[in-house]
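Reading through the structure tokens given below for one structure.
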Amino acid sequence: MLAVIGGTGVDKFPGLELERRQVVQTPYGLPSSPLLYGRYQGKQVVFLARHGSSHSIPPHQINYRANIWALQKIGVQRIFSLAAVGAINAEMKNADLVIPDQLIDYTWGRQHTFFEAPDKPVTHIDFSQPYCPEFSADLLRVAKDNHIVAHPQAVYAVTQGPRLETSAEINRLERDGCDIVGMTAMPEAVLAKELGLCYASCAIIANPAAGRGDGESIDMEAIEAYVAQGLSQAQALLVAYLAQSDNG
Ligand code: HPA
């Protein structure tokens with residue numbers, strides 16, 4: 001089964017024909033929201049609102065372990081993660097879609113592993129490919145076949161938030177090789193990897209990163225407006241992907 005995790009601007013999933021909701025208890029507490037099971041264009045999907053059903057959980061307080069554990073528990077194999085991001089790379093414009101293939105983790109203090117219980121052996125998982133290459137390639141192929149424009153191969157800088165970055169921080173992220181900046185890909189991606197789930201992301205450019213726009217400050221309203229614009233393309237991508245998948 002495919003799960004969609006919705007980020008900023010995607011607390012509900014338009015077009016999902018809701019069949020049932022499930023509150024899943026996990027050893028880590030409750031996920032950000034109930035799981036919404038339904039059909040999207042006739043195909044089975046489950047939706048989780050990363051920031052909660054009413055967008056009240058900031059990135060550093062999301063219970064990433066409960067979210068990923070719950071999805072694995074119900075039999076999810078692939079996660080399509082939607083994320084609003086700022087653009088560092090000038091080629092990436094507002095409302096564009098990006099399928100990142102790498103990330104750099106600048107977060108701190110988040111619960112970021114399942115391998116720390118006294119009864120679990122110390123485990124160092126391979127994370128050289130933070131995003132599932134097969135799923136990402138499927139998404140890029142489907143995008144191309146359906147004339148949906150999506151940037152391949154981007155490095156996602158994951159910052160702690162909830163504040164946005166300083167211009168100097170963005171300059172540093174650019175020197176580090178980052179193309180986009182957001183706050184939630186970690187520890188989400190690594191936790192999915194630890195549980196053997198195939199995790200890919202569709203990032204939507206919501207704003208030029210700090211210091212990169214026309215000098216205006218970045219505001220939430222504009223972010224949400226561009227996410228809404230990009231979301232229609234992200235949904236078209238998801239529909240096209242589901243149409244060619246064997247998801248029930
Ligand atoms: N920085 C970090 N996270 C974000 C941004 C940004 O500019 N825009 C949307 N999420």
What pairs can you find where one residue is in the range 201-226 and in a helix (DSSP H, G or I), the other is more than 11 Å from the ligand (Cβ to nearest atom), and their Cβ atoms are less than 8 Å apart, with a gap of 6+ or different chains?
Y226/A95
Sort through Q25, Q41 and tell me the only one that's farther than 16 Å from I79 by Cβ and touching a Leu at 6+ places or on another chain (Cβ under 7 Å).
Q41
Taking the range 156-169 on its own, how many of its residues are outside any loop (DSSP other than H, G, I, E, B), under 15 Å from A83 (Cβ atoms) and either open to solvent by 30 Å² or more (accessible area, probe 1.4 Å) or among the charged types (D, E, K, R) (or both)?
0
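Does A84 satisfy the condition of being in a strand (DSSP E or B), of a type outside the set (F, W, Y), open to solvent by 20 Å² or more (accessible area, probe 1.4 Å) and within 16 Å of the ligand (Cβ to nearest atom)? Break it down stepwise before answering.
Details: in a strand (DSSP E or B): yes; of a type outside the set (F, W, Y): yes; open to solvent by 20 Å² or more (accessible area, probe 1.4 Å): yes; within 16 Å of the ligand (Cβ to nearest atom): yes.
Taking the combined requirement at face value, the residue satisfies it.
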Give the number of residues within the range 10-36 that are under 20 Å from S201 (Cα atoms) and either without any contact (Cβ under 8 Å) to a residue 60 or more places away in the chain or touching a Ser or Thr at 6+ places or on another chain (Cβ under 7 Å) (or both).
9
I'd like the full set of residues that are within 11 Å of the ligand (Cβ to nearest atom), aliphatic (A, V, I, L, M) and modelled with pLDDT of 90 or more, limited to the range 204-228.
I204, I205, A206, A209, A210, V227
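Scan the range 136-162 for residues that are within 16 Å of the ligand (Cβ to nearest atom) and of a type in the set (V, I, T) and report the count. Quick ask: steps written out before the conclusion?
Just the residues of the range 136-162 that are within 16 Å of the ligand (Cβ to nearest atom), to begin with: 151, 154-162.
Still in the list and also of a type in the set (V, I, T): 155, 158-159.
Matching residues across the range 136-162 total 3.
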What about C132, is it over 16 Å from the mean Cα position of the chain (by Cα), open to solvent by less than 20 Å² (accessible area, probe 1.4 Å), under 25 Å from P59 (Cβ atoms) and at pLDDT 95 or above?
no
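Could you look through the range 97-117, keep only residues that are within 17 Å of I180 (Cβ to Cβ) and either polar (S, T, N, Q) or away from the ligand (no atom under 16 Å from the Cβ) (or both), and pick out the one that is least open to solvent (accessible area, probe 1.4 Å)? Write out each step before concluding.
At the first step, the residues of the range 97-117 found to be within 17 Å of I180 (Cβ to Cβ) are 97-107.
Retained after the next criterion (residues that are either polar (S, T, N, Q) or away from the ligand (no atom under 16 Å from the Cβ) (or both)): 99, 101-102, 107.
On the way: I99: 3, D101: 57, Q102: 61, T107: 30 Å².
Residue satisfying both the conditions and the ranking: I99.
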Hey, could you check the range 170-201 for residues that are farther than 26 Å from E134 by Cβ and open to solvent by 60 Å² or more (accessible area, probe 1.4 Å) and say which is farthest from the ligand (Cβ to nearest atom)?
R175
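Do we find that N94 is touching a helix residue (DSSP H, G or I) at 6+ places or on another chain (Cβ under 9 Å), within 16 Å of the ligand (Cβ to nearest atom) and among the polar types (S, T, N, Q) in this structure? If you could, list the steps in order and put the result at the bottom.
Numbers: touching a helix residue (DSSP H, G or I) at 6+ places or on another chain (Cβ under 9 Å): yes; within 16 Å of the ligand (Cβ to nearest atom): yes; among the polar types (S, T, N, Q): yes.
So N94 fits the description; yes.
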Of all residues making up the range 40-68, the number that are in a helix (DSSP H, G or I) and open to solvent by less than 20 Å² (accessible area, probe 1.4 Å)
5
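The values are calculated or read from the model by the stated rules, or taken from the named source; none is laboratory data. Remember, predicted model here, so these are calculated numbers, not experimental data. Please note: Cβ atoms are built from the backbone with ideal geometry, for glycine as well, and neighbour counts cover all protein chains shown. What goes into the accessible areas is simple: the full protein's heavy atoms, side chains included, and nothing from ligands, DNA or RNA. Shrake-Rupley method; radii C 1.70, N 1.55, O 1.52, S 1.80 Å.
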